[in-house]
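Taking it in order: structure first as C-alpha cells, then the write-up.
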Amino acid sequence: MKPFETINVIPFIDIMLVLLAIVLTTASFITQGKIKIDLPNGDQSQTEVKLETIEIKVTPNGDLFYQDNPTTLSALDSTLEGLNLETPLLLKIDKQANFEGFIEILNLTKRYHLNNIAIATHESSSR
C-alpha cells in the first residue's frame, strides 16, 4: 500500500463548517430571553436602561428570578443586603403575578436603602 503524501483536509473543513453552523444556530436562542414575562403597559415607559442593572423577575405563578437564576425571597434578601446603594435594580413583574410578591420585593429594597429602582413596562400605545 502506498503511503499518503499529503493530508486530505476537506473532511476536516466539512466538520468545522457543520460545527460553525450549529454554534451560530444555537447562539440565536441563547441571546433571547428564557423567562416568559408579560409586562404591563404604562405611560412613563423608557425604552432603554443606560446603566448595567440587576434584574429581578417574577413569573405569573410567583417564581422569583435574580439575574435569570431561580431564587427564593430569603436568598434574595441576603443578596440585596450585600449590594451597593447605587446599584440600579430593574423589576420585571408579570402583570398576572401576585401583587404581594411585588410588595415583598419593594420592602426588601427599602430595608437596604436601595432606591435606584426601575419597573419594566411596555409603552402604552394610547397617547
The number of residues in the range 68-87 that are modelled with pLDDT under 90 and part of a loop (DSSP other than H, G, I, E, B) is 7
With the requirement that a residue be in a loop (DSSP other than H, G, I, E, B), of a type in the set (S, T, N, Q) and surrounded by 15 or more Cβ atoms within 10 Å (Cβ to Cβ), what does the range 88-127 give you? ASN116, THR121
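The values are calculated or read from the model by the stated rules, or taken from the named source; none is laboratory data. Every value quoted in this text rests on a predicted model; they were computed, and no experiment measured them. Here the Cβ is made from the backbone with ideal geometry for all residues, glycine too, and neighbour counts use every protein chain on show.
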